[in-house]
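The values are calculated or read from the model by the stated rules, or taken from the named source; none is laboratory data. Being a predicted model, the structure only gives us computed values, none of them experimental. Cβ: placed from backbone, ideal geometry, glycine included. Neighbour counts: every protein chain shown. Each accessible area value is taken on the protein alone, full model and side chains, heavy atoms only, with ligands, DNA and RNA left out. Shrake-Rupley method; radii C 1.70, N 1.55, O 1.52, S 1.80 Å.
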Amino acid sequence: MANALPLSGMRVFELTLAIAGTTCGRHLAHFGAEVVKIESVHHPDINRTMGSTVDRQKYGDRIWLDSSILGSEFNTGKLSVGLDLKKPEARVLACRILSRCDVFLTNYSAEAVRSLGLDYESVRAIRPDIIYAGMTGFSADPVSPYYSYIAFGSNLAALCGLDELTGFPGSEPSGIASLSYADYVNGTLALVAILSALEHRDRTGEGQAIDLSQFEAVVTLLGPQLLDLDINRRSATRTGNRASHSAPQGVYRCRGKDDWVAISVMTQSEWRAFCHVAEHDEWAADDRFATLQQRLAHHDDLDALIEAWTIQHTPAEIAEWLQRVGVAASQVMNQAHLAVDAHLCSRDHWLLLDHARMGKDLVTGEAIRLSDTPGHLDHALPSIGQHNEYVLRALADCSGAEIEQLIADDVVFPMASLSVKMQRPYVPWFRHFVPQLPWEESSGQ
Amino acid sequence: MTQQALSNYRIIDLTGVAGAFGAKLLADLGADVIKVEPRAGGETRHTPPFATGDDGNGVSLFHLYVDTNKRSATLDLDTVEGQELMRRLIVKADAVLDTYPPGYLAERGIGHAQAKALNEQLVWMSLTPFGLTGPRRDWRGSDLVAWAASGNLYTNGFPEQPPVAPGGPVMLAYAVGAAYAAAGCLMALRARRITGRGQLVDISMQEANLFSESPVNAFLDDLIPRHRFGNRRSSVVPMGTFPCKDGYVHLLIRAANHWQPLAEWIKEKTGNEAVTEALFDDPYARAESREFIEESVESLTTQYMKQELFVEAQRRGLPFTPLNTADSLLQDPHLAARSFWTTIDDPQVGTIRAAGPPYRLSLTPWQSGPAPRLGEHNHSVYRDLLGLSEAEVTALTCRGVI
């Protein structure tokens, strides 16, 4: 049943930027919702400006904005309508579209949303049963102390206590500098909240507002540590890669320039198996390492011994050997390793989708895999305004003449010309690593 | 009792440390989550931190937190009678949340395929280290292994140190997997409304953690390998972690409307005028003069405590955040004003103050509640739900099945 997707028939009005809101919208699109993303050329979604190798000088801003790889990662499958919501005519159109939407999804600040006349009360007046999901930094409640504060996914980790816990004891915190972790987990938590609200609506016909403060949501991940402080007066500190219920555990240097293996030994039998694989059965007989508590107490000694072994081998070998005897281990993978990872390829993790400018675009797959209704993405990143005709005619009741006028008045941004055809530089060679993807099929544009 | 969004669903919770938080998300929104666990207690009960020291003799605070609002029924899945009781539970359930290794439950006659034959409306959510298919399906996992396989461990930490896992003891990769588990379960329940049937939800902890701002396709495009760079960026200046009197703050200054007020503030507090020169309005110029810019910023930040620096910076419209410790969070004024902390009366450790709602639904709110004692709901589950007699429950208990 091709139209039997979980969210078939559902429509989402998406006003998002960067990562937290956009990833949530992508999941909705994947499972059948029609996700209409409102985009402005004057204030493009920041993830469209996080580049690709497309030469901005040579091709100009519109093509550059349409070629973003992060744009494809986070906005794949959505419809793009180019609208300047600051203009009153655009807001009239937005209201018409909203009246046909089931979900309103935004991670704009509460103030920004209010200034556009799209706060919950205003939206509910247009569509009473709407599910309004607002993902702010510090909640939509103007009374909350940090209401007007600025936070991004990358500095939220610090505020939420995660950065302080990342790094080695005795060193400065390294923090989660390379990844906007908070954004990804919040995108998924918002999905849980939206799906739950839909349950209530199915039973009662009532929509509701979801107030997701990204600060608060991430703090809930530290629940156990916060209880430890509250009850035991014990404050969690950096532990490097170690855990208190698993030893040895750590990241060990292997043969190579910057090659590492991660290992977690969790039980006594795993410990014995580990020693055997390392060809050091005597470690298992060593009093210093006899129990979990002993190994934790002598972890430094143990790590030195382990690394003297791992340094002689590649991480892939060590992970294979250990996994064969039931010990959790993995190479510390980088993008090059992941790109050619046989396991991910065998699971068809990479998707090759149509792209108006690039022909085809490779994106990361959806981690929620449903056996019978697996979901589907029609296209990668849409060009800004790519779906103007459909959205403005079918959802905003505009005629062709009206659309032309709106374009002339700079209320609607037309899609930029597709005359320039491009291709991702990896197409000629990466196809050999994942030959099962539809490299040859026409884009159908 | 306020109505909750998921009150119509009954879910069998067979998760361990890896997925328990996902079951909690559903329980806290009203689902009847029945945690089926061994008589020795499920994994979460043996996971630190503990209420009284780490020797394992206290109550697990991890369990108290992630098992809120669940019912607990003990069951020995290695016995024929236990497996039969599980089958009867499956018939009564809407969903199963499973983090056992692939094949473990199937070997006992209570895996997904067997469950489907008993209850074709059942959603079966399986969360495993590498998914249910592929060459690594039988690989073992941990939070650290999930980070390693995600690509995001490689790029985290200082260049001269080993890669280091984001969030350390918090087990952040597992948290993401658990959130996906909850979302996947709900998505399949939504599909059931249309198809009339349940289905299998296969979630790989690796795939759930593959998200990144430097994903594989970005690398394929530019072929620039990403390496560990520590806690400050060189391409955006100033950005990263800076010391203050009692710890650190994080700041991210890119736009001119952030840089200029910061430069003025530095001048105000340190007399450093050079930093306000117009040339530094250009982010490239700042990156070129990284050492000077960062030293100037440090001369400001080291004059403040992190919370006061946070408040003052935000007052000036600057995106600074403190590197909070657990202590700072418990004292945070925003969380307090938002009534974020919930009080739970736990029969074993007394009154505790726990972290509160991740989101607020206006009509069907999140609710707090205690975690169950081991086997606390054996009667309500086996007698009331499955219809066993009191005598049968007693007999099964004596034989060690329950």
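Inside segment B:173-192, residues that are in contact with a helix residue (DSSP H, G or I) (Cβ under 8 Å, 6 or more places away or on another chain) and facing chain A (nearest Cβ under 7 Å) make up a count of 9. For segment A:1-30, a tally of residues being open to solvent by less than 40 Å² (accessible area, probe 1.4 Å), farther than 20 Å from A:ASP129 by Cβ and assigned to a loop (DSSP other than H, G, I, E, B) returns 5.
On inspection, B:MET187 does not qualify as outside any loop (DSSP other than H, G, I, E, B), touching a Cys at 6+ places or on another chain (Cβ under 9 Å) and hydrophobic (A, V, I, L, M, F, W, C). Of all the listed residues (A:ILE318, A:ILE263, A:ILE311, A:ILE231), the sole one being without any contact (Cβ under 8 Å) to a residue 60 or more places away in the chain and crowded, with 20+ Cβ neighbours inside 10 Å is A:ILE231. Exactly one residue out of B:GLN3, B:GLN83 is surrounded by fewer than 24 Cβ atoms within 10 Å (Cβ to Cβ) and within 30 Å of A:GLY207 (Cα to Cα), and it is B:GLN3. Apart from one condition, A:SER330 fits all of (1) more than 9 Å from chain B (Cβ to nearest Cβ); (2) outside any loop (DSSP other than H, G, I, E, B); the exception is (1). Restricting to segment B:114-162, count the residues that are over 19 Å from the mean Cα position of the chain (by Cα), of a type in the set (Asp, Glu) and crowded, with 24+ Cβ neighbours inside 10 Å. Number satisfying all stated conditions: 0. Scanning segment A:133-146 for residues that are more than 7 Å from chain B (Cβ to nearest Cβ) and either within 21 Å of the chain's Cα centre (by Cα) or closer than 20 Å to A:GLY187 by Cβ (or both) turns up A:ALA133, A:GLY134, A:MET135, A:THR136, A:GLY137, A:ALA140. Might you let me know whether segment B:219-239 holds any residue that is outside any loop (DSSP other than H, G, I, E, B), in contact (Cβ under 8 Å) with a residue 24 or more places away in the chain and open to solvent by less than 10 Å² (accessible area, probe 1.4 Å)? No. Out of the residues in segment B:139-164 that are charged (D, E, K, R) and at the interface with chain A (Cβ under 8 Å from one of its Cβ atoms), state the one that is farthest from B:PHE21 (Cα to Cα). Residue satisfying both the conditions and the ranking: B:ARG140. Within segment A:311-327, the residues that satisfy the criterion of being over 20 Å from B:ASN152 (Cα atoms) and at the interface with chain B (Cβ under 9 Å from one of its Cβ atoms) are A:LEU322, A:GLN323, A:GLY326, A:VAL327. Considering (1) under 22 Å from the mean Cα position of the chain (by Cα); (2) open to solvent by less than 10 Å² (accessible area, probe 1.4 Å), say which one A:THR49 fails and leave the rest. The single condition A:THR49 does not satisfy is (2).
Hey, among the residues in segment A:52-82 that are more than 26 Å from A:LEU93 (Cβ to Cβ) and of a type in the set (Val, Ile, Thr), which one's surrounded by the most Cβ atoms within 10 Å (Cβ to Cβ)? Taking the candidates together, the pick is A:ILE69.
One residue alone among B:LEU329, B:LEU309 is free of Cβ contacts under 8 Å to residues at least 24 places away in the same chain and either of a type outside the set (Lys, Arg) or within 25 Å of A:LEU226 (Cα to Cα) (or both), and that residue is B:LEU329. From the list A:GLU216, A:GLU199, A:GLU206, the one residue that fits, being in contact (Cβ under 8 Å) with a residue 12 or more places away in the chain, open to solvent by less than 10 Å² (accessible area, probe 1.4 Å) and facing chain B (nearest Cβ under 7 Å), is A:GLU216.
Looking only at residues in segment B:193-218 that are open to solvent by 30 Å² or more (accessible area, probe 1.4 Å) and outside any loop (DSSP other than H, G, I, E, B), the one that is farthest from the other protein chains (Cβ to nearest Cβ) is B:ARG193. Listed by first and then second residue, the pairs with beta-carbon distance under 6 Å, at least 6 apart or on different chains, first residue in segment B:376-393 and farther than 17 Å from B:ARG71 by Cα, second surrounded by fewer than 18 Cβ atoms within 10 Å (Cβ to Cβ), form an empty list. Within segment A:360-394, restricting attention to residues that are closer than 14 Å to A:PRO6 by Cα and in contact with a strand residue (DSSP E or B) (Cβ under 7 Å, 6 or more places away or on another chain), the residue that is surrounded by the fewest Cβ atoms within 10 Å (Cβ to Cβ) is A:SER371. Somewhere in segment A:378-396, is a residue within 23 Å of the chain's Cα centre (by Cα) and outside any loop (DSSP other than H, G, I, E, B)? So far as segment A:378-396 goes, yes, one or more of its residues are within 23 Å of the chain's Cα centre (by Cα) and outside any loop (DSSP other than H, G, I, E, B). Residue count for segment A:333-344 satisfying the condition of being more than 7 Å from chain B (Cβ to nearest Cβ), open to solvent by less than 20 Å² (accessible area, probe 1.4 Å) and not charged (D, E, K, R): 1. Taking segment B:1-93 as the region of interest, the helices (runs of 4 or more DSSP H) fully inside it that hold 2 or more residues being of a type in the set (Gly, Ala, Ser) are B:20-27.
For every residue, the table says whether it meets (1) modelled with pLDDT under 95; (2) under 28 Å from B:GLU207 (Cβ atoms); (3) within 8 Å of another protein chain (Cβ to nearest Cβ).
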{"site": "A:SER109", "(1), (2), (3)": "yes, no, no"}
{"site": "A:ILE131", "(1), (2), (3)": "no, yes, no"}
{"site": "A:SER148", "(1), (2), (3)": "yes, no, yes"}
{"site": "A:ALA151", "(1), (2), (3)": "yes, yes, yes"}
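Taken together, the residues in segment B:350-365 that are at positive phi and surrounded by 17 or more Cβ atoms within 10 Å (Cβ to Cβ) amount to 0. Residue count for segment A:266-284 under the criterion of being open to solvent by 50 Å² or more (accessible area, probe 1.4 Å) and not in a helix (DSSP H, G or I): the result is 4.
Of the residues making up segment A:86-114, those that are hydrophobic (A, V, I, L, M, F, W, C) and open to solvent by 20 Å² or more (accessible area, probe 1.4 Å) are A:VAL92, A:CYS95, A:ALA112.
Of B:VAL237, B:VAL249, all but one fail to be among the hydrophobic types (A, V, I, L, M, F, W, C) and out of contact with any Phe, Trp or Tyr (no Cβ under 9 Å at 6 or more places or on another chain); the exception is B:VAL237.
Among the residues of segment A:345-368, those that are hydrophobic (A, V, I, L, M, F, W, C) and within 7 Å of another protein chain (Cβ to nearest Cβ) comprise A:LEU362, A:VAL363, A:ALA367, A:ILE368. Open to solvent by 30 Å² or more (accessible area, probe 1.4 Å), in contact (Cβ under 8 Å) with a residue 40 or more places away in the chain and either among the aromatic types (Phe, Trp, Tyr) or under 19 Å from A:VAL219 (Cβ atoms) (or both): is that true of A:ALA140 in this structure? For A:ALA140, the condition - open to solvent by 30 Å² or more (accessible area, probe 1.4 Å), in contact (Cβ under 8 Å) with a residue 40 or more places away in the chain and either among the aromatic types (Phe, Trp, Tyr) or under 19 Å from A:VAL219 (Cβ atoms) (or both) - is met.
Confirm whether A:ALA190 is buried (at least 24 other Cβ atoms within 10 Å of the Cβ), farther than 19 Å from B:LEU252 by Cβ, at pLDDT below 95 and among the small types (Gly, Ala, Ser). Against the criterion (buried (at least 24 other Cβ atoms within 10 Å of the Cβ), farther than 19 Å from B:LEU252 by Cβ, at pLDDT below 95 and among the small types (Gly, Ala, Ser)), A:ALA190 does not qualify.
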